[in-house]
Amino acid sequence: MEKKKVVIGMSGGVDSSVAASLLKEQGYDVIGVTMQIWQDEDNETKEEQGGCCGLSAVDDARRVAETLEIPYYVMNFKKEFKEKVMDYFVAEYQQGRTPNPCIACNRYVKWESLLKRSLDIGADYIATGHYARVVQLENGRYTLKKSATAAKDQTYALYNLTQYQLSHTIMPVGEYTKDQIREMAKEINLRVANKPDSQEICFIPDNDYAKFIEENTDTKIQKGNFVNTAGEVVGKHKGITHYTIGQRKGLNLSLGHPVFVVEIRPETNEVVIGTSNEVFSDKLYANQLNFMSIEDLEGDMKVTAKIRYSHQGADCIIRKVGEDKLECVFTEPQRAITPGQAVVFYDGEYVVGGGTII
Ligand SMILES: Nc1ncnc2c1ncn2[C@@H]1O[C@H](COP(=O)(O)OP(=O)(O)OP(=O)(O)O)[C@@H](O)[C@H]1O
């Protein structure tokens with residue numbers, strides 16, 4: 001029988017390198033691909049342009065491919081990444097929301113663009129080093145199951161993959177712990193075995209989001225008022241792009257008690273601050289819905305919801321309140337429900353679906 005062909009996205013890190021090796025062991029015909037996504041053309045030789053797709057990533061990935069004796073290519077996805085990830089990131093902040101660029105990158109760049117190009121060159125699947133497991137349920141639907149190590153689980157950032165995309169996806173490292181993956185990397189003599197995990201947002205290496213936004217927009221970021229929940233002006237803010245819900249640091253307000261951002265109002269350029277109690281809420285609405293384990297939501301459903309990557313999850317009831325809108329009511333109020341972030345629903349270990357908090 002002819003071997004199934006898999007394109008593995010290689011970022012030069014430990015996880016995707018071991019994923020490539022596991023796929024080879026499992027008998028697939030494996031092709032390594034590194035996507036070039038964000039570095040500036042003029043700066044390609046600069047060391048600090050590393051990221052997950054700079055020169056050192058390509059060098060590392062190429063060496064791993066040589067060690068594993070698999071064909072290796074570098075593909076350019078800068079246009080897709082700029083449009084679907086960087087431009088979206090800037091636009092969302094300007095609208096007073098807090099975006100999640102990794103989720104946009106996963107769906108549109110990794111799964112839409114890379115999957116398409118991979119199928120075009122004759123592949124049957126794409127694979128990544130994400131900590132998650134693709135499973136097909138008894139009802140025939142594909143979904144994601146949390147990774148064996150809860151602490152590394154990345155299903156949150158993958159909730160919006162479609163059924164078609166999931167049916168062409170393999171995530172080989174989801175069954176293992178990070179320690180096991182590092183062990184395997186050593187066994188197969190991968191030089192990248194001790195490489196640290198990648199951090200934060202890849203295209204903003206110094207983590208200064210506001211500076212990045214300012215440099216990537218023609219619209220001038222305007223200073224405005226901090227107001228309290230009673231509507232009184234209590235200070236001046238640096239521009240709404242500097243803030244997110246729940247933020248306490250960097251407000252430069254001394255009101256005699258701790259204050260937090262509770263709302264951002266782009267239409268009036270106001271940042272609303274409140275007490276720690278006012279950052280809590282027991283309800284959210286979401287749109288841009290995508291369901292995995294179920295075809296659609298009918299009636300009420302009891303699930304666990306994660307409202308940000310680092311959230312441990314909370315019990316709630318979800319129900320549709322429009323064609324592309326749902327309401328989620330938590331058993332206990334949750335801190336800092338943030339518009340623009342994803343909310344992902346779980347039934348035990350399995351992803352039910354998710355959406356964008358509005
Ligand atoms: N530039 C890229 N080119 C190809 N695939 C990529 C690229 N960046 C990320 N990926 C794929 O997405 C997966 C998850 O990426 P993420 O940034 O979350 O993890 P990572 O720490 O880079 O993982 P790794 O240890 O494999 O480097 C990677 O394991 C890899 O398969």
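Those residues that are more than 9 Å from the ligand (Cβ to nearest atom), of a type outside the set (D, E, K, R) and in contact (Cβ under 8 Å) with a residue 40 or more places away in the chain, I need them from the range 17-27; list them, please. Within the range 17-27, SER21, LEU22, LEU23, GLN26 qualify. Selection within the range 1-56: residues that are of a type in the set (D, E, K, R) and modelled with pLDDT of 90 or more. The member of this set that is nearest to ASP87 (Cα to Cα) is ASP15.
Taken together, the residues in the range 116-141 that are in contact with a His (Cβ under 6 Å, 6 or more places away or on another chain) and over 24 Å from TYR176 (Cα atoms) amount to 0.
Of the residues making up the range 279-296, at least one is part of a helix (DSSP H, G or I) and surrounded by 14 or more Cβ atoms within 10 Å (Cβ to Cβ). If you go through the range 222-269 and keep only what is within 20 Å of ASN207 (Cβ to Cβ), touching a residue at least 60 places away in the same chain (Cβ under 8 Å) and part of a loop (DSSP other than H, G, I, E, B), you end up with THR244, ILE245, GLY246. Among all residues of the range 126-135, there is at least one that is surrounded by fewer than 20 Cβ atoms within 10 Å (Cβ to Cβ), away from the ligand (no atom under 14 Å from the Cβ), at pLDDT 95 or above and over 15 Å from ALA20 (Cα atoms).
Please tell me if PRO258 is closer than 19 Å to PRO99 by Cα and either of a type in the set (Gly, Ala, Ser) or surrounded by fewer than 19 Cβ atoms within 10 Å (Cβ to Cβ) (or both). The answer is no for PRO258.
If you go through the range 138-148 and keep only what is over 15 Å from THR304 (Cα atoms) and either within 14 Å of the ligand (Cβ to nearest atom) or part of a helix (DSSP H, G or I) (or both), you end up with just SER147. Scanning the range 146-164 for residues being more than 16 Å from the chain's Cα centre (by Cα) and either crowded, with 21+ Cβ neighbours inside 10 Å or modelled with pLDDT of 95 or more (or both) gives a total of 2. When the residues of the range 176-198 are narrowed to those that are among the charged types (D, E, K, R) and assigned to a helix (DSSP H, G or I), which ends up farthest from the ligand (Cβ to nearest atom)? Only one residue fits best here, namely GLU187. In the range 199-221, what residues are within 13 Å of the ligand (Cβ to nearest atom) and either without any contact (Cβ under 8 Å) to a residue 12 or more places away in the chain or surrounded by fewer than 15 Cβ atoms within 10 Å (Cβ to Cβ) (or both)? Within the range 199-221, GLN199, GLU200 qualify.
The values are calculated or read from the model by the stated rules, or taken from the named source; none is laboratory data. Since the model is a prediction, treat every value here as computed from it, not as a measurement. Because the Cβ atoms are built from the backbone with ideal geometry, glycine has one as well, and the counts that use them run over all protein chains shown.
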